[in-house]
Amino acid sequence: MTVKPQLILRVFIPFAAGYFLSYLYRVVNAVIAPNLITDVGIGPSALGMLTAIYFIAFASFQLPLGVLLDRYGPRRVEGVLLLFAALGAYLFATAESLGSLVVARALIGFGVSACLMAAFKAYTLWIPREKWPMINGFQMAAGGLGALAATAPVEAALQFTDWRGVFMGLSVVTLIIAGTVFFVVPEKKREGAGESLQNQLRGIREVFTSKTFWRTAPLTTLSQAAFMAIQGLWAGPWLSHVGKFSRPEVAEVLFAVALSMVAGFIILGSLAERLSKKGITVAATAVTGMTLFMVVQLLLLFQPGGWTVPLWLAFGFLGTSGVIAYSALSQTFPIHLSGRVTTALNLLVFVAAFVAQWAVGAMIDLWSTGNGQSLDAAGFNAAFGILLLLELAGLLHYLLSPIYGTGFFTKLMSSLRVKDR
């Protein structure tokens with residue numbers, strides 16, 4: 001199947017714009033954190049919970065999202081959901097208490113919950129299978145650009161307005177992108193669109209009882225959760241309190257990390273495609289990248305002085321490795337299940353990211369003084385170290401599961417009596 005240039009305009013760009021926005025919302029609190037702490041009067045634990053609520057709202061809709069994507073298509077689903085994100089951004093801009101901020105942030109997370117999975121689903125409909133790792137990499141790169149926009153550009157915008165003005169503007173932009181997705185993206189007949197609800201739910205059970213799924217999911221989940229929790233919030237405070245960077249320097253480093261992340265999405269996605277043609281599986285590329293990502297995290301625990309910025313750049317680049325696993329899993333299932341496969345994995349990733357981001361804040365809080373104004377390096381090391389140990393456990397599970405199997409996970413679903421893949 002030949003990919004026509006107009007598809008780039010009508011399919012890729014609208015979904016890329018949506019994910020740009022989704023990622024911007026996800027990580028913007030890393031830059032406005034000092035403003036939130038000062039204006040609303042919250043500490044690290046509350047800040048972690050506020051930021052992480054995005055993940056749990058996002059995750060809570062992933063399984064129904066998979067069914068909706070396979071049944072109604074990505075254009076309709078994402079176009080409608082983005083309206084809720086616009087409402088959430090407006091409410092965030094006008095919130096006066098922690099409770100109202102949490103509700104608004106949850107609406108944002110719910111509203112952008114389809115931005116990545118809808119794109120992945122659209123690409124399985126329009127793009128040749130062998131191109132999925134590459135096009136998914138470009139899609140993720142669009143998210144990386146959103147992360148870029150959430151760093152130095154947001155810091156610059158704060159010189160002209162406050163964080164409330166930033167979110168009011170984001171609300172308007174979200175409405176525009178919602179309309180673009182809904183009215184510009186073309187429709188395509190979908191295999192499985194006429195499935196009964198019972199059969200669609202059976203497809204979810206098939207995914208969750210798959211040995212292939214449970215071999216890959218723990219490592220990918222833990223790696224992506226650590227990346228999201230740290231890059232999305234705690235990298236900024238680490239640079240400020242452990243690295244001793246000034247606020248403008250923190251924004252500059254976060255911008256560079258986001259740029260490195262964009263490069264990682266593009267380069268690693270393209271590399272996975274090229275290596276697959278030489279007999280090296282997409283899964284092998286993903287696991288190698290996630291292993292190197294752990295090495296970088298280990299080195300950061302030693303507070304490397306002059307190597308701080310290069311290591312954070314490597315963190316941004318290699319932290320994208322887990323995304324390749326989405327393509328690897330999608331290739332092992334029928335196309336009509338692709339939406340449910342990716343959203344099932346995304347459910348695990350975002351629940352874990354919610355727990356990780358909140359737990360890191362709670363652990364850092366144990367060493368903080370001055371109502372969260374002074375954070376100790378010991379708190380960061382303890383929190384980041386625990387995340388690293390969990391990732392290592394996920395890697396060992398992946399490497400050893402061909403020997404001892406994935407029974408712990410599949411037995412949880414044994415009552416469903418669905419044959420493993």
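Evaluating 6.51 cos²θ - 1.76 cosθ + 1.60 at θ = phi - 60° for every residue in the stretch 146-155, the Karplus couplings come out as x, 5, 4, 5, 7, 9, 4, x, 5, 4 Hz, glycine and proline recorded as x.
Extension gain, L392-S246: 0.36 nm per intervening residue step, less the Cα-Cα distance, totals 49.3 nm. Peptides 387-394, 78-85 ranked from most to least packed give 78-85, 387-394, packing being the mean of other C-beta atoms within 10 angstrom over each peptide's residues.
Sorting the segments 239-249, 123-133, 320-330 by their mean number of nearby beta carbons within 10 angstrom, highest to lowest, gives 320-330, 123-133, 239-249.
For the stretch 134-139, backbone phi angles converted through the Karplus equation (6.51, -1.76, 1.60; θ = phi - 60°) give residue-by-residue couplings of 5, 5, 5, x, 5, 4 Hz, Gly and Pro being listed as x.
I need the peptides 153-163, 257-267 ranked by packing, meaning the mean over residues of other C-beta atoms within 10 angstrom, with the highest value on top.
On the way: 153-163: 14.5, 257-267: 22.2.
Listed from highest to lowest mean packing, they are 257-267, 153-163.
With r defined as the distance between the Cβ atoms of E130 and R205 and R0 fixed at 35 Å, what FRET efficiency is calculated, to the nearest 0.05? Calculated transfer efficiency: 0.75. I need the shape label for the stretch 120-181. Rule: rounded when a/c is under 1.5, else prolate if a/b > b/c, else oblate, with a, b, c from the alpha carbon gyration tensor. Oblate shape, in that a/c is at least 1.5 and b/c is the bigger or equal ratio.
In sequence order, the stretch 375-387 has phi-based couplings of 10, 8, 4, 4, x, 5, 5, 5, 5, 5, x, 5, 4 Hz under the Karplus curve 6.51 cos²θ - 1.76 cosθ + 1.60, θ = phi - 60°, and Gly or Pro positions carry x. Axis angle, to the nearest 10 degrees, between helix 74-94 and the longest C-alpha principal axis of the chain: 10 degrees. With 0.36 nm allotted per residue and the present C-alpha distance subtracted, the R164-T332 stretch has 56.0 nm of extension available.
Extending 7 Å from Cα along the Cβ direction at S97 and again at A156 yields two label points whose distance is 3.8 nm. Residues considered: F302, F110, F354. Largest GNM mean-square fluctuation over the chain, using C-alpha springs under 10 Å, is found at F302. For the chain, the longest principal axis of the Cα atoms and the long axis of helix 13-27 meet at an angle of about 40 degrees.
Once C-alpha pairs closer than 8 Å and six or more residues apart are averaged by separation and normalised to the residue number of the chain, the relative contact order reads 28 percent.
Taking only Cα atoms, what is the 0 to 90° angle, nearest 10, from helix 163-184's long axis to the longest principal axis of the chain? On a 0 to 90 degree scale, this one is about 10.
Quick note: the coordinates plus some simple rules give every number you see, no bench work behind them. Since the structure is predicted, the reported quantities are computational estimates derived from the model, not experimental observations. Cβ: placed from backbone, ideal geometry, glycine included. Neighbour counts: every protein chain shown.
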